[in-house]
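The structure under discussion appears below in the form of structure tokens.
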Amino acid sequence: MKKNFNIHEAKTNFSKLIEVAEAGGEIIIARAGKPVAKLIKYDAEEFIKLNYDAAKGLIPEWTDEEWERADEIIRASFAKEKEWHKEL
């Protein structure tokens with residue numbers, strides 16, 4: 001069930017809209033007739049899955065040795081930066 005409400009109606013009936021969302025309904029909130037927000041039931045498992053899927057492929061699948069080398073490079077760059085600040 002999908003229902004549309006303007007912001008004033010949504011504010012006035014917020015508790016009722018939460019009940020509709022909890023029951024599986026979808027509430028669209030509009031400003032001046034233009035949809036700006038959607039109120040739906042929160043599903044923790046689905047939220048975690050979506051966040052995991054969004055990050056999939058962003059973290060390289062490196063060996064331990066490759067991660068250690070990356071750490072060394074990062075530490076060295078911070079050490080150089082720290083030395084540069086001492087010169088100021």
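Every read-out reported here was derived from the displayed coordinates using simple, explicitly stated rules and does not represent laboratory data. This structure is a prediction, so every number in the text was calculated from the model and none was measured. Cβ coordinates were reconstructed from backbone atoms using ideal geometry, including for glycine residues, and neighbour counts include every protein chain displayed.
The string of couplings for the stretch 33-40 from the Karplus curve (6.51, -1.76, 1.60, θ = phi - 60°) is x, 9, x, 10, 8, 10, 10, 9 Hz, one whole number per residue in order, with x for Gly and Pro.
Here the peptides 70-80, 16-26 are ranked by packing, the mean other Cβ count within 10 Å, and the order with the highest first is 16-26, 70-80. Taking the fewest neighbouring Cβ atoms within 10 Å as the starting point, the ordered list for 12, 63 is 63, 12.
Extension gain residue 63-residue 22, at 0.36 nm per residue separation less the Cα-Cα distance, in nm? It would help to have the intermediate numbers written out before the result.
Numbers: separation 41, 0.36 × 41 = 14.76 nm, distance 4.45 nm.
Working it through step by step, the gained length comes to 10.3 nm.
From the phi of every residue in the stretch 9-19, what ³J(HN,Hα) in whole Hz does the Karplus formula 6.51 cos²θ - 1.76 cosθ + 1.60 yield, where θ is phi - 60° and glycine or proline is x? With the stated coefficients, the stretch 9-19 comes to 4, 5, 5, 5, 10, 4, 4, 5, 5, 4, 4 Hz. For residue 4, the residues whose modelled amide H falls within less than 5 Å of its own, excluding neighbours fewer than 5 places apart on the same chain, are 28.
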